[in-house]
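*Asks:* Pasting in a structure now, in C-alpha cells, and then I'll have a few things to ask.
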Amino acid sequence: MSSFQIRPASQRDAKAIAELHAAAAQATLHGLVPDEQIKAVASAAAMEKRLAYWREAIEFLDPQVHVATDDGMVVGFVAFDRSRDPKTPATTGEIWALYVEPAHWDQGVGLALWDAAREGLADEGCTKVTAWLSLHNDRALRFFDLAGFKREMGTAQTVTKADAMGNLKLEEIRLKRDLS
C-alpha cells in the first residue's frame, strides 16, 4: 500500500514533473495517435521544452503546481490557477494539468491532488473550477465525472497542439463544477 504525500512543487521537482508529464501523456495517447508522435513526446527537444515550462511555472507560481510523492519520488502532479478562458469571471479557477505516473493509477493519488487544487483555488477566492479534457481520454473523463465535474456541451472544440509531436489535433471539451 502506498503512502503518498502532497506538497507544493519545488525547483528540484521540475525534472521529475517533466518526465512524469511525458510518460503519462504517452500512456494517454496510446492508440489515439501514430506511434511516431507518441515517441516524440519524450524526445530530447520535447523534454527540454517541457522542463523549461515546469521550471518557470514553479518559480513564478503560474500556474501553481503541487506534487504527490511516494517514498520521496514524484508520482503525480497538478497545476492549477485562474481560468485561462476569455470572459470567465475572476472567481473561476482551472485545473491546467493533472497527471499521475501510470504505475500509481487507481491508488488515490489523483483524488489527493484534486483535493489540494480545490483547496488552493478556494484559498484564492475561486467559487467554480473548469478543466479542458480530450474527448478520447476516457480515464480522465471518468475521473473528473466522479469528482463532480459536468461537461459543458457547447464548449467542444478541436485544438491543435503544436510541439515536438508535430501538429496534433485533439477534440476537447470543458468540464465545470462548483468548488463548494
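*Asks:* Show me 105-111, 78-84 ranked by packing, highest mean number of other Cβ atoms within 10 Å first.
*Replies:* 78-84, 105-111
*Asks:* Cα-based Rg (one decimal) and Dmax (whole number) for segment 16-74, in Å?
*Replies:* Calculated on Cα positions, Rg and Dmax stand at 12.8, 35 Å.
*Asks:* Put a dot 7 Å past each Cα toward the Cβ at SER180 and ASP145; how far apart are the dots in nm?
*Replies:* Placing both labels 7 Å along Cα→Cβ, they lie 2.7 nm apart.
*Asks:* With a Förster radius of 25 Å, plug the Cβ-Cβ distance of LYS15 and LYS169 into 1/(1 + (r/R0)^6) and report the FRET value to the nearest 0.05.
*Replies:* Plugging the Cβ-Cβ distance into 1/(1 + (r/R0)^6) gives 0.30.
*Asks:* Normalized C-alpha radius of gyration of the chain, against 2.2 N^0.38 Å?
*Replies:* Details: Rg = 15.6 Å, N = 180, 2.2 N^0.38 = 15.8 Å.
For the chain, the normalised Cα radius of gyration comes out at 0.99.
*Asks:* What is the extension gain from TYR53 to ASP85, computed as 0.36 nm multiplied by their sequence separation minus the C-alpha to C-alpha distance, in nm to one decimal?
*Replies:* The TYR53-ASP85 span can extend by a further 9.6 nm.
*Asks:* Only helical DSSP H runs with n ≥ 4 go in: add -39500 (n - 2.57) per run for the chain, normalise by residue count and round the 222 nm mean residue ellipticity to 500 deg cm²/dmol. Before the final figure, lay out the partial values.
*Replies:* Numbers: 5 runs with 63 residues, N = 180.
Computed ellipticity for the chain at 222 nm equals -11000 deg cm²/dmol.
*Asks:* Along the charge dipole of the chain, pointing to its positive end and built from +1/-1 on Cβ of Lys, Arg, Asp and Glu, which listed residue (ALA116, THR69, ILE95) has its Cα farthest out?
*Replies:* ILE95
*Asks:* Which of the lysines could a cross-linker bridge to LYS169, judged by Cα under 25 Å and excluding same-chain residues fewer than eight apart?
*Replies:* Excluding near neighbours in sequence, the set is LYS39, LYS49, LYS87, LYS150, LYS161.
*Asks:* What nm distance separates the two modelled labels at ALA103 and ASP138, each placed 7 Å from Cα along Cα→Cβ?
*Replies:* Taking the simple label geometry, ALA103 and ASP138 are separated by 2.6 nm.
*Asks:* Sequence gap at least 6, Cα distance under 8 Å: using those rules, report the relative contact order of segment 4-129 to the nearest whole percent.
*Replies:* It rounds to 27 percent for segment 4-129.
*Asks:* Once R0 is set to 30 Å, what does the formula 1/(1 + (r/R0)^6) return for the Cβ-Cβ distance between GLN37 and ALA156, expressed as a FRET efficiency to the nearest 0.05?
*Replies:* It comes out at approximately 0.85.
Only the coordinates and a few stated rules stand behind these numbers; no lab work does. These figures come from a predicted structure and were not determined experimentally. Methodologically, a virtual Cβ is constructed for each residue, glycine included, from the backbone with ideal geometry; neighbour enumeration extends over all protein chains shown.
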